[in-house]
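S.K.: Here it is, the structure in full.
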Amino acid sequence: MAARKTKAKPNISAQELTQYYEDMLLIRRFEEKAGQLYGMGLIGGFCHLYIGQEAVVVGLEAAAEEGDKRLTSYRDHGHMLAAGMDPNGVMAELTGRIDGYSKGKGGSMHMFSKEKHFYGGHGIVGAQVPIGAGLAFADKYLENNRVTFTYFGDGAANQGQVYETFNMAAIWDLPVIFVIENNQYAMGTAQKRSTSSPDFYVRGEAFGIPGEAVDGMDVLAVKAAGQKAVAHCRSGKGPYILEVKTYRYRGHSMSDPAKYRTREEVQKMRQERDSIETVRSMLLTGKHASEEDLKAIDKKVKEIVNASAEFAKDSPEPAVEELWTDIYA
Amino acid sequence: MATEILMPALSPTMEEGTLAKWMVSEGDTVASGDIIAEIETDKATMEFEAVDEGVIGKILVAEGTENVKVNSAIAVLLEEGESADSAAATSSEPAPQEASEPAAETPAPAAEAAVPAAPISPAYDSTPDWPEGTELKQQTVREALRDAMAEEMRGDDTVFLMGEEVAEYQGAYKISQGLLDEFGAKRVIDTPITEHGFAGIAVGASFGGLRPIVEFMTFNFAMQAIDQIINSAAKTLYMSGGQMGAPMVFRGPNGAAARVGAQHSQDYAAWYAHIPGLKVVMPFSASDAKGLLKSAIRDDNPVIFLENEILYGRSFDVPVLDDFTVPFGKARIWREGSDVTLVSFGIGMHYALEAADKLAEEGISAEVIDLRSLRPIDYETVLASVQKTNRCVTVEEGFPVGAIGNHLSAVIMERAFDYLDAPVINCTGKDVPMPYAANLEKLALVTTDEVIAAVKKVTYR
Ligand SMILES: Cc1ncc(C[n+]2csc(CCOP(=O)(O)OP(=O)(O)O)c2C)c(N)n1
Ligand SMILES: [Mg+2]
């Protein structure tokens, strides 16, 4: 990858590293299960899996503090799990059931949790970017000393409202981290076909917003970059841009024929750069964990995911009256 | 000759103001650009400059006077050597008041658009879309749309297609399949995800002599671009006094697909039909998709072309003709009947036709009209039908407030009131954002059963 790697690796304990392994694995297994349930017709509509990108959210959540906010696009399952939202509630939303985070009314693309400071799940490409800056505006206004992680894709990074937002975030020194999850594709459009210059992290320069490219397949590099960005924002210096270079292994959504890239390209990334495998081998070679330890984690994760699927199948559909609720406050 | 200095309008909405302060006195010589007074509006205090040079002959409105009407004389300006007496004479002439608002006095010419005047016996065009005996083939709506674009692109080099994933990916919904191969990257153009920008670029290209077809991946995303569609594309012909307009098509799937939730499931028919300067069409069948899209590409106005994802795969008869078009403003009667008129368009036709089938089994004969184009609307066909059946139910997927059905009801009430045996009922989508849950989504959409129930209500069964 072309990313300029963040050099400073945080000093990290075996326990922490194991935790990241577990967190990333939870997202991966959860997404695989969601894919299965989609195939069984239990999940409908659009369903965008996060497989391949797990290190991004897990690394950045490791840099966040309680009370910090986050929001993203429709590709949101991983963000919710990393933010500590309940897999049962997320999966039940995917199946459109009453115990889902939005009572089944939002679906895969539209979930929210006030408790976990997760502000959605946004279906319109780029729309979450000014909203993220708005959350930061509120935090600054209320003197909360909180930071907002505003995630968006390489495709979204071309929307006009992103640059309107950069300008205002810079003028007003808003504590917002713009996390560009550059997974190299916006649906079928490779980044090089949609962007006039190869790098996104420099796109704040004109506004005086510092930016940094990060290897998004390396959870520790992401965490380190996140900490730097968080420190910048929290100290009142205004916004920060992280271009996290990552890769999605699956199609854009469940109905993507994916003819725009080769199988080999995907395979190569999986084999050589997979974030979970990387941490796994770090743990094993460093003798921080044994095969048995990791097996136990795998088993635990599988149980959580299976339980969420059962929960999501058993939860009833929302009552008919729910059609008419929550339209006005 | 002495001239009057008139109270200026200092904002588009100003009707009167306070003459706060005179900066000159009678007898002073002023040159153009000199500040002669300060005038207060409700919004600000503005300095008022002399336009001509001369001598202030007489001040007609004293400093501090409030509610001075725009365009009333406030002072008299003398040419060099003129006397103040002649000025007095001038000032006694009535000031040309209210010159700024002639429109308020003159009634606007009756709008030609919405409701044509003829009261009864609407004459409607019932000619079939293609001559009898024409060879037909089965085609999906998807294929018909592609053929329409390809045919028009072959015939006119200025027609091009732009949008997200239209070229290399062959269209997010595969409508532009094969077009890149045939017409090349100059005319089939992938854009970044920047709707507002590329819609604006297409508007500019249309001003510049091209005929763009803009594909929105879905019309939900056209909301990013709606300012360019309405403020730039729809209004420029008018604003330029007819000099230049935007001959272009905005097309893409509109309305609910399946289970894609609130932000991806909205019917914009009534939104765009609201706008003078736009034409709006919403085909149901493949032949209409083809014939109307060809007309849209040739039309010299911006056309909103509303497709439907669920209909893309449906097959219909399409005439095998070299150049088949369907005109705007001509409804299609899908089924003749005598007891009730069902009026719909787009996917609404699915419910209307299904309801008509079921009603027939119960001995209720429904006439089913597909409006096809929503601007212009073929009122005549609807009115003629209502005069026959005396009852009408409209069917559409959009929200109930400000629906197309509301408008039709009003027109029917105005023009065929005496023919109605029951109030017109509008069947619409529910007044809620689209839910994701399967059971709720079904309830949010208009249903065949609701159409049947409405028909029974208006036929008192
Ligand atoms: C305004 C808007 N335009 C188009 C779409 C359709 N669409 C959904 S996702 C997507 C690609 C976005 O790519 P990217 O920002 O790179 O995010 P990724 O899917 O790779 O996570 C497109 C075009 C949309 N949802 N909103
Ligand atoms: Mg992307």
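S.K.: With the structure loaded, tell me whether residue A:312 is among the aliphatic types (A, V, I, L, M) and surrounded by fewer than 18 Cβ atoms within 10 Å (Cβ to Cβ) or whether it fails that test. Give the derivation first.
M.R.: Working: among the aliphatic types (A, V, I, L, M): yes; surrounded by fewer than 18 Cβ atoms within 10 Å (Cβ to Cβ): no.
Answer is no for this residue.
S.K.: OK, next. Among the charged types (D, E, K, R), within 14 Å of chain A (Cβ to nearest Cβ) and touching a residue at least 24 places away in the same chain (Cβ under 8 Å): which single residue out of B:251, B:298, B:259 fits that description?
M.R.: Working: B:251 fails: within 14 Å of chain A (Cβ to nearest Cβ); B:298 fails: within 14 Å of chain A (Cβ to nearest Cβ).
Only one candidate qualifies: B:259.
S.K.: Find all pairs meeting these conditions: Cβ atoms under 9 angstrom apart; at least six residues apart or on different chains; first residue within the stretch B:145-172 and within 14 Å of chain A (Cβ to nearest Cβ) and crowded, with 23+ Cβ neighbours inside 10 Å; second residue of a type in the set (A, V, I, L, M) and in a helix (DSSP H, G or I).
M.R.: The qualifying pairs are B:166/B:179; B:166/B:180; B:167/B:179; B:167/B:180; B:171/B:179.
S.K.: Return the residue satisfying two criteria in turn: it lies in the stretch A:78-100 and is touching a strand residue (DSSP E or B) at 6+ places or on another chain (Cβ under 7 Å) and surrounded by fewer than 24 Cβ atoms within 10 Å (Cβ to Cβ), and of such residues it is nearest to the other protein chains (Cβ to nearest Cβ).
M.R.: Initial filter on the stretch A:78-100 (touching a strand residue (DSSP E or B) at 6+ places or on another chain (Cβ under 7 Å)): A:79-80, A:83, A:85.
So of that shortlist, the ones also surrounded by fewer than 24 Cβ atoms within 10 Å (Cβ to Cβ) come out as A:83, A:85.
Values: A:83: 20, A:85: 17 Å.
The residue in question is A:85.
S.K.: I'm told residue A:193 meets every condition in (1) over 16 Å from residue B:192 (Cβ atoms); (2) more than 20 Å from the chain's Cα centre (by Cα) except one. Can you identify the failing condition by its number?
M.R.: Going through (1) over 16 Å from residue B:192 (Cβ atoms); (2) more than 20 Å from the chain's Cα centre (by Cα) one by one, residue A:193 breaks only (1).
S.K.: Quick one: residue B:266 ticks every box in (1) within 14 Å of another protein chain (Cβ to nearest Cβ); (2) surrounded by fewer than 20 Cβ atoms within 10 Å (Cβ to Cβ) bar one, so which box is it?
M.R.: If we test residue B:266 against (1) within 14 Å of another protein chain (Cβ to nearest Cβ); (2) surrounded by fewer than 20 Cβ atoms within 10 Å (Cβ to Cβ), just (2) comes out false.
S.K.: Within 16 Å of ligand 2 (Cβ to nearest atom) and not polar (S, T, N, Q) - does that describe any residue in the stretch A:128-135?
M.R.: Within the stretch A:128-135, one or more residues are within 16 Å of ligand 2 (Cβ to nearest atom) and not polar (S, T, N, Q).
S.K.: I'm trying to understand the selection: among the residues of the stretch A:167-197, which are assigned to a helix (DSSP H, G or I) and either within 16 Å of ligand 1 (Cβ to nearest atom) or surrounded by fewer than 22 Cβ atoms within 10 Å (Cβ to Cβ) (or both)? Please lay out each step first, then the result.
M.R.: Initial filter on the stretch A:167-197 (assigned to a helix (DSSP H, G or I)): A:167-171, A:191-194.
The answer is A:167, A:168, A:170, A:171, A:191, A:192, A:193, A:194.
S.K.: Just to be sure before I move on: is residue B:214 under 22 Å from the mean Cα position of the chain (by Cα) and under 28 Å from residue B:313 (Cβ atoms) in the structure I sent?
M.R.: Values: under 22 Å from the mean Cα position of the chain (by Cα): yes; under 28 Å from residue B:313 (Cβ atoms): yes.
The answer is yes for residue B:214.
S.K.: May I pose another question? Quick check on my filter: what residues within the stretch A:156-166 are surrounded by fewer than 16 Cβ atoms within 10 Å (Cβ to Cβ) and either within 16 Å of ligand 2 (Cβ to nearest atom) or within 9 Å of chain B (Cβ to nearest Cβ) (or both)?
M.R.: Result: A:160, single match.
S.K.: Taking the conditions exactly as written (away from ligand 2 (no atom under 15 Å from the Cβ), under 24 Å from residue A:26 (Cβ atoms) and at pLDDT 95 or above), does residue A:222 satisfy them or not? Break it down into steps so the answer makes sense when it comes.
M.R.: Numbers: away from ligand 2 (no atom under 15 Å from the Cβ): yes; under 24 Å from residue A:26 (Cβ atoms): yes; at pLDDT 95 or above: yes.
Yes.
S.K.: How many residues does the stretch A:159-185 contain that are out of contact with any helix residue (DSSP H, G or I) (no Cβ under 6 Å at 6 or more places or on another chain) and under 18 Å from residue A:246 (Cβ atoms)? Can you show your working first?
M.R.: Restricting attention to the stretch A:159-185, the residues satisfying the condition of being out of contact with any helix residue (DSSP H, G or I) (no Cβ under 6 Å at 6 or more places or on another chain) are A:159, A:163-164, A:168, A:171-173, A:178-179, A:182-183, A:185.
Filter once more, so that each one left must be under 18 Å from residue A:246 (Cβ atoms): A:178-179, A:182-183, A:185.
Residues flagged as out of contact with any helix residue (DSSP H, G or I) (no Cβ under 6 Å at 6 or more places or on another chain) and under 18 Å from residue A:246 (Cβ atoms) within the stretch A:159-185 amount to 5.
Results for (1) of a type in the set (Phe, Trp, Tyr); (2) within 14 Å of chain A (Cβ to nearest Cβ); (3) within 21 Å of residue B:294 (Cβ to Cβ), shown as yes or no for each residue.
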site	(1), (2), (3)
B:187	no, no, yes
B:193	no, yes, no
B:196	no, yes, no
B:199	no, yes, no
B:205	no, no, yes
B:208	no, no, no
B:211	no, no, yes
B:214	no, no, yes
B:217	no, yes, no
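S.K.: Scan the stretch B:1-57 for residues that are at pLDDT below 85 and over 26 Å from residue B:80 (Cβ atoms) and report the count.
M.R.: 13
Per-residue answers, yes or no, for (1) assigned to a helix (DSSP H, G or I); (2) over 24 Å from residue B:283 (Cβ atoms):
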{"site": "B:157", "(1), (2)": "no, yes"}
{"site": "B:165", "(1), (2)": "no, no"}
{"site": "B:170", "(1), (2)": "no, no"}
{"site": "B:181", "(1), (2)": "yes, yes"}
{"site": "B:189", "(1), (2)": "no, yes"}
{"site": "B:199", "(1), (2)": "yes, no"}
{"site": "B:222", "(1), (2)": "yes, no"}
{"site": "B:225", "(1), (2)": "yes, no"}
{"site": "B:263", "(1), (2)": "yes, yes"}
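S.K.: Next question, about the same structure. Kindly establish whether residue B:122 is away from every other protein chain (no Cβ under 14 Å), at pLDDT below 95 and crowded, with 16+ Cβ neighbours inside 10 Å.
M.R.: yes
S.K.: Identify all residues within the stretch A:109-155 that are facing chain B (nearest Cβ under 8 Å) and on the phi < 0 side of the Ramachandran plot; write none if there are none. Spell out how you get there, then give the answer.
M.R.: Going residue by residue through the stretch A:109-155, those that are facing chain B (nearest Cβ under 8 Å) are A:109-110, A:122-126, A:155.
The answer is A:109, A:110, A:122, A:123, A:124, A:125, A:155.
S.K.: Using the structure shown, decide if residue A:31 is of a type in the set (D, E, K, R), within 16 Å of ligand 1 (Cβ to nearest atom) and buried (at least 20 other Cβ atoms within 10 Å of the Cβ).
M.R.: On the way: of a type in the set (D, E, K, R): yes; within 16 Å of ligand 1 (Cβ to nearest atom): yes; buried (at least 20 other Cβ atoms within 10 Å of the Cβ): yes.
The answer is yes for residue A:31.
S.K.: Report every pair of residues separated by at least 6 positions or lying on different chains whose Cβ atoms are under 9 Å apart, first residue within the stretch A:235-251 and within 14 Å of another protein chain (Cβ to nearest Cβ), second away from ligand 1 (no atom under 11 Å from the Cβ).
M.R.: So the pair list comes out as A:251/A:257; A:251/A:258.
S.K.: Continuing with this model, one more query. For the stretch A:125-148, which residues satisfy the criterion of being within 16 Å of ligand 1 (Cβ to nearest atom) and either at pLDDT below 95 or in contact with a helix residue (DSSP H, G or I) (Cβ under 6 Å, 6 or more places away or on another chain) (or both)? If you could, list the steps in order and put the result at the bottom.
M.R.: So in the stretch A:125-148, the residues within 16 Å of ligand 1 (Cβ to nearest atom) come out as A:125-132.
Those that are within 16 Å of ligand 1 (Cβ to nearest atom) and either at pLDDT below 95 or in contact with a helix residue (DSSP H, G or I) (Cβ under 6 Å, 6 or more places away or on another chain) (or both): A:125, A:126, A:129, A:130.
S.K.: Would you mind telling me which numbered condition in (1) without any contact (Cβ under 8 Å) to a residue 24 or more places away in the chain; (2) outside any loop (DSSP other than H, G, I, E, B); (3) within 14 Å of another protein chain (Cβ to nearest Cβ) residue B:432 fails?
M.R.: The number of the failed condition is (2).
S.K.: Here is a further query. Applying the selection to the stretch A:112-124, what residues are part of a loop (DSSP other than H, G, I, E, B) and within 16 Å of ligand 1 (Cβ to nearest atom)? Step through it out loud before you land on a result.
M.R.: Step one: list which residues in the stretch A:112-124 are part of a loop (DSSP other than H, G, I, E, B), which gives A:112, A:114-117, A:123-124.
Within the stretch A:112-124, A:123, A:124 qualify.
S.K.: Quickly run through the stretch B:61-81 and pick out the residues that are under 18 Å from residue B:34 (Cβ atoms) and surrounded by 20 or more Cβ atoms within 10 Å (Cβ to Cβ).
M.R.: Matches in the stretch B:61-81: B:74, B:75, B:76, B:77, B:78.
S.K.: Taking the stretch B:361-390 as the region of interest, how many residues are of a type in the set (S, T, N, Q), in contact with a Cys (Cβ under 9 Å, 6 or more places away or on another chain) and farther than 11 Å from residue B:338 by Cα?
M.R.: At the first step, the residues of the stretch B:361-390 found to be of a type in the set (S, T, N, Q) are B:365, B:373, B:381, B:385, B:387, B:389-390.
Imposing the further condition that a residue be in contact with a Cys (Cβ under 9 Å, 6 or more places away or on another chain) reduces the set to B:385.
So of that shortlist, the ones also farther than 11 Å from residue B:338 by Cα come out as none.
Result for the stretch B:361-390: 0.
S.K.: Here's something else I'd like to know. Pick out the one residue from B:410, B:437, B:422, B:416 that is more than 14 Å from chain A (Cβ to nearest Cβ) and crowded, with 22+ Cβ neighbours inside 10 Å. Spell out how you get there, then give the answer.
M.R.: Details: B:410 fails: crowded, with 22+ Cβ neighbours inside 10 Å; B:437 fails: more than 14 Å from chain A (Cβ to nearest Cβ); B:422 fails: crowded, with 22+ Cβ neighbours inside 10 Å.
B:416 is the lone residue from the list that is more than 14 Å from chain A (Cβ to nearest Cβ) and crowded, with 22+ Cβ neighbours inside 10 Å.
The values are calculated or read from the model by the stated rules, or taken from the named source; none is laboratory data. Note that the coordinates shown come from a computational prediction; the quantities given were computed from them, not determined experimentally. As a convention, Cβ positions derive from the backbone with ideal geometry for all residues, glycine included, and neighbour counts pool all protein chains shown.
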